[in-house]
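J.: Okay, handing you the structure first.
The values are calculated or read from the model by the stated rules, or taken from the named source; none is laboratory data. Note that the coordinates shown come from a computational prediction; the quantities given were computed from them, not determined experimentally. A quick note on method: Cβ atoms are made from the backbone with ideal geometry, for glycine too, and the neighbour counts reach across all protein chains shown.
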Amino acid sequence: MNKFLKAIAVISTVGVLLLGTYVLSIVWRASCEEQKVFGRSDLIPLTLKPQNYNEPPTPESFGTQTYACKLRGKTTAVCKQYINSFQHAYGSALASRELGTEAADYLFRANEYCEAIWCRNSGSSNFYWDTKKDLVNNAAGREIGQRSKQKYLMERLQISLSKRKSSGPLTQGRLCVTVPSQKFSDCLR
């Protein structure tokens, strides 16, 4: 019985360490993409001088400070909630693509439960609305992740079929799936 308990403890510890490592990898990758897109990362600061919120609030920023950032060639006022929405959508998309929709849903709901336990403003109406927003962004991210995964798999199938020497209907151009890029960040733009 003692060996059994030790085995359970070791397996549980390894599982927790693997899950923690995976969560950190999502945080790291989301931070890197956030830095590329917005010029700053709020999850893990990647520069010594991050972009400051030095612009006045806008109606879209709900009264919070903003900063100017070029997105898709257009100057946009970016606020913390905009970046937070990106973090949730991007992280959920990564997890959904790599682990599947259900696992990504559980992982990001666990994040919301942890926030509910450890955040100071837990139980307030602001916390409720922030959580609701996060869950909506998580759902959008999971959908993006699944679409990205399907496109990637279809692209692999198309490449595989194009290498065949057969002249069947699949290799005569009837199976046409075009993916502009394998870069995941393109799915979010």
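J.: Which one is surrounded by the most Cβ atoms within 10 Å (Cβ to Cβ) among residues in segment 112-139 that are in a helix (DSSP H, G or I) and among the basic types (Lys, Arg)? First the steps, then the outcome.
T.: Of the residues in segment 112-139, the ones in a helix (DSSP H, G or I) are 112-118, 125-139.
Restricting the remaining residues to those that are among the basic types (Lys, Arg) gives 132-133.
Numbers: LYS132: 11, LYS133: 14.
Among those that are in a helix (DSSP H, G or I) and among the basic types (Lys, Arg), it is LYS133.
J.: Which residues, counting only those in segment 28-51, are hydrophobic (A, V, I, L, M, F, W, C) and either buried (at least 19 other Cβ atoms within 10 Å of the Cβ) or closer than 21 Å to CYS69 by Cβ (or both)?
T.: So the first thing to find is which residues in segment 28-51 are hydrophobic (A, V, I, L, M, F, W, C), and the list is 28, 30, 32, 37-38, 43-44, 46, 48.
Once the filter is applied, which keeps residues that are hydrophobic (A, V, I, L, M, F, W, C) and either buried (at least 19 other Cβ atoms within 10 Å of the Cβ) or closer than 21 Å to CYS69 by Cβ (or both), segment 28-51 yields ALA30, CYS32, VAL37, PHE38, LEU43, ILE44, LEU46, LEU48.
J.: In the set ARG109, ARG142, which member is surrounded by fewer than 20 Cβ atoms within 10 Å (Cβ to Cβ), modelled with pLDDT of 90 or more, within 18 Å of ALA30 (Cβ to Cβ) and basic (Lys, Arg)?
T.: Values: ARG142 fails: surrounded by fewer than 20 Cβ atoms within 10 Å (Cβ to Cβ).
That would be ARG109, the only listed residue that is surrounded by fewer than 20 Cβ atoms within 10 Å (Cβ to Cβ), modelled with pLDDT of 90 or more, within 18 Å of ALA30 (Cβ to Cβ) and basic (Lys, Arg).
J.: Continuing with the same structure: Within segment 91-103, is even one residue of a type outside the set (Asp, Glu), over 30 Å from TYR152 (Cβ atoms) and either assigned to a helix (DSSP H, G or I) or at pLDDT 85 or above (or both)?
T.: Let us first name the residues in segment 91-103 that are of a type outside the set (Asp, Glu), namely 91-97, 99-101, 103.
Checking the rest, the ones that are also over 30 Å from TYR152 (Cβ atoms) come to none.
No: segment 91-103 contains no residue that is of a type outside the set (Asp, Glu), over 30 Å from TYR152 (Cβ atoms) and either assigned to a helix (DSSP H, G or I) or at pLDDT 85 or above (or both).
J.: In segment 2-49, which residue that is in a loop (DSSP other than H, G, I, E, B) and among the hydroxyl-bearing types (Ser, Thr, Tyr) is modelled with the lowest pLDDT?
T.: Our first condition is that a residue be in a loop (DSSP other than H, G, I, E, B); within segment 2-49, this holds for 39-49.
From the residues that got through so far, the ones that are among the hydroxyl-bearing types (Ser, Thr, Tyr) too are 41, 47.
Working: SER41: 86, THR47: 78.
Among those that are in a loop (DSSP other than H, G, I, E, B) and among the hydroxyl-bearing types (Ser, Thr, Tyr), it is THR47.
J.: Which of the residues belonging to segment 52-76 are among the acidic types (Asp, Glu) and exposed (fewer than 14 other Cβ atoms within 10 Å of the Cβ)?
T.: If the condition is that a residue be among the acidic types (Asp, Glu) and exposed (fewer than 14 other Cβ atoms within 10 Å of the Cβ), then GLU60 is the only one that fits.
J.: Are any residues in segment 56-67 touching a strand residue (DSSP E or B) at 6+ places or on another chain (Cβ under 9 Å) and either in a helix (DSSP H, G or I) or within 18 Å of SER85 (Cβ to Cβ) (or both), and if so, which ones? Walk me through how you get there before you give the answer.
T.: Applying the first criterion (touching a strand residue (DSSP E or B) at 6+ places or on another chain (Cβ under 9 Å)) to segment 56-67 yields 56-58, 60-61, 65-67.
Hits for segment 56-67 are PRO57, THR58, GLU60, SER61, GLN65, THR66, TYR67.
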